[in-house]
């Protein structure tokens with residue numbers, strides 16, 4: 001197993017996307033890229049800790065490669081908005097790749113350069129690409145949030161479109177047993 005750590009705005013969105021990919025064994029919401037140890041969510045959202053909300057992904061490189069994870073990362077969020085994703089604003093919502101190996105760093109930089117050259121977005125890519133330093137798991141209530149709270153307005157209006165885009169664009173990379181949008185916590189009742 002290998003690790004990948006991505007910040008693509010709200011970690012609930014990022015977690016929901018990567019949980020659905022074949023070869024991904026575990027996705028944990030948390031914080032990376034800051035300057036204090038063991039931050040709590042209430043500290044991170046102030047913007048004073050320097051952390052980004054991230055998803056740390058444990059994956060099997062025999063089933064899905066880091067380049068494939070990067071492709072999903074770049075195509076499921078807006079890497080051109082500095083310190084925001086949609087209505088979520090603040091440095092903790094920044095777009096970031098925290099690479100665990102030099103190879104991951106080289107692949108992330110090369111992919112970004114390829115996207116810049118393709119001129120896909122009208123604005124430049126502002127994604128931070130930095131070496132991984134530390135990961136701090138978020139509180140338990142942040143873990144597996146989308147799967148347990150699909151009827152919540154944020155999930156319905158913000159995360160559902162990302163998951164639906166994933167299903168359309170990356171259908172060949174999805175796990176076979178996916179929750180349908182109507183399933184989730186209500187299906188357990």
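Scanning segment 91-102 turns up at least one residue that is modelled with pLDDT of 95 or more and exposed (fewer than 13 other Cβ atoms within 10 Å of the Cβ).
Here the condition is being within 16 Å of residue 90 (Cα to Cα), surrounded by 20 or more Cβ atoms within 10 Å (Cβ to Cβ) and in contact with a strand residue (DSSP E or B) (Cβ under 7 Å, 6 or more places away or on another chain); of 53, 15, it holds for 53 alone.
Would you mind stating whether residue 47 is in contact with a helix residue (DSSP H, G or I) (Cβ under 6 Å, 6 or more places away or on another chain) and assigned to a loop (DSSP other than H, G, I, E, B)?
Details: in contact with a helix residue (DSSP H, G or I) (Cβ under 6 Å, 6 or more places away or on another chain): yes; assigned to a loop (DSSP other than H, G, I, E, B): yes.
Against the criterion (in contact with a helix residue (DSSP H, G or I) (Cβ under 6 Å, 6 or more places away or on another chain) and assigned to a loop (DSSP other than H, G, I, E, B)), residue 47 qualifies.
Residues 23, 9, 47, 33: which one is modelled with pLDDT of 95 or more and more than 17 Å from residue 174 (Cβ to Cβ)? Lay out the reasoning, then the answer.
Working: 23 fails: more than 17 Å from residue 174 (Cβ to Cβ); 9 fails: modelled with pLDDT of 95 or more; 47 fails: modelled with pLDDT of 95 or more.
After ruling out the rest, the residue left standing is 33.
Restricting attention to segment 18-44 and to residues that are in a helix (DSSP H, G or I) and out of contact with any helix residue (DSSP H, G or I) (no Cβ under 6 Å at 6 or more places or on another chain), the residue that is surrounded by the most Cβ atoms within 10 Å (Cβ to Cβ) turns out to be 18. Applying a threshold of 7 Å to beta carbon distances and a minimum spacing of six or more residues, or different chains, the list of pairs starting in segment 140-157 at a residue that is on the phi < 0 side of the Ramachandran plot and touching a residue at least 40 places away in the same chain (Cβ under 8 Å) and ending at one that is assigned to a loop (DSSP other than H, G, I, E, B) and surrounded by 17 or more Cβ atoms within 10 Å (Cβ to Cβ) reads 147/184; 155/149.
When you scan segment 64-73, do you find a residue that is under 17 Å from the mean Cα position of the chain (by Cα), modelled with pLDDT of 95 or more and more than 19 Å from residue 107 (Cα to Cα), even just one? Break it down into steps so the answer makes sense when it comes.
Initially, segment 64-73 is screened for residues under 17 Å from the mean Cα position of the chain (by Cα), giving 64-73.
Among the residues that remain, those that are also modelled with pLDDT of 95 or more are: 64-73.
Filter once more, so that each one left must be more than 19 Å from residue 107 (Cα to Cα): none.
No, segment 64-73 contains no residue that is under 17 Å from the mean Cα position of the chain (by Cα), modelled with pLDDT of 95 or more and more than 19 Å from residue 107 (Cα to Cα).
If you take the residues in segment 137-157 that are outside any helix (DSSP H, G or I) and under 15 Å from the mean Cα position of the chain (by Cα), which one is surrounded by the most Cβ atoms within 10 Å (Cβ to Cβ)? If you could, list the steps in order and put the result at the bottom.
In the first step, residues of segment 137-157 are kept if they are outside any helix (DSSP H, G or I); the result is 137-139, 143-144, 149-152.
Next, from what is left, pick out any that are under 15 Å from the mean Cα position of the chain (by Cα): 137-138, 143-144.
On the way: 137: 13, 138: 22, 143: 17, 144: 16.
Per the criteria, the residue is 138.
Only one of the numbered conditions (1) at pLDDT 95 or above; (2) assigned to a helix (DSSP H, G or I); (3) in contact with a helix residue (DSSP H, G or I) (Cβ under 9 Å, 6 or more places away or on another chain) is violated by residue 105, and that is (3).
The values are calculated or read from the model by the stated rules, or taken from the named source; none is laboratory data. Since this is a predicted model, take the numbers as computed values, not measurements. We place every Cβ from the backbone using ideal geometry, glycine too, and count neighbours over all the protein chains shown.
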